[in-house]
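Taken together, the values in this text are just the output of simple stated rules run on the coordinates, not laboratory data. What you are looking at is a predicted structure, and each value in this text was computed from that prediction instead of being measured. Cβ atoms come from the backbone with ideal geometry, glycine included; neighbour counts cover every protein chain shown.
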Amino acid sequence: EDVDSAKFFVFGLGSGEVIRGWDDGILGTGNVPPMKVGGVRRLSVPADLAYGARGAGCTKDGVCTIPPNSRMEFTVELLGIKGTPSFKT
């Protein structure tokens, strides 16, 4: 389901503000190079690099906006970079 089409936001890369799959997808990992400004990339994020077994947006009765163990798909366009990424250890 395409729930957030055409939205953009600013976040600190490597800061823990977004799921790890976004950081890995933008910074590159393994044989995947880092994104360049202006680049567009399709991210297929496994559950363990997204919200894992806990899901997200869950109510007290267990209904979740993002169900537990969900693979997530995104199309990301990198519009710009400000500063140097810092990483949580």
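For Lys7, list the aspartates and glutamates whose Cα falls under 16 Å from its own Cα; do not include residues on the same chain fewer than 8 positions away.
Glu73, Glu77
Quick one: if the Förster radius is 22 Å, what FRET efficiency do Ser15 and Glu73 give, using the C-beta to C-beta distance and rounding to 0.05?
Working from the Cβ atoms, E equals 0.45.
Run lengths n ≥ 4 of DSSP H only: what is the helix-derived mean residue ellipticity at 222 nm for the chain, with -39500 (n - 2.57) per run over all residues, to the nearest 500?
Taking each H run of at least 4 residues, the total per residue is -2500 deg cm²/dmol.
I want the local charge near Ile26. Using Cβ-Cβ distances under 14 Å, sum +1 for each Lys or Arg and -1 for each Asp or Glu among the other residues.
Overall, the nearby charge balance is +1.
If we count other beta carbons within 10 Å of each Cβ, what is the order of Asp23, Asp48, Asp61, fewest first?
With the sparsest Cβ surroundings first, the list reads Asp61, Asp48, Asp23.
With semi-axes √(5λ) of the Cα gyration tensor in Å defined as stated, name the option among (1) 29, 11, 10; (2) 21, 16, 12; (3) 24, 15, 13 computed from the structure displayed.
(3)
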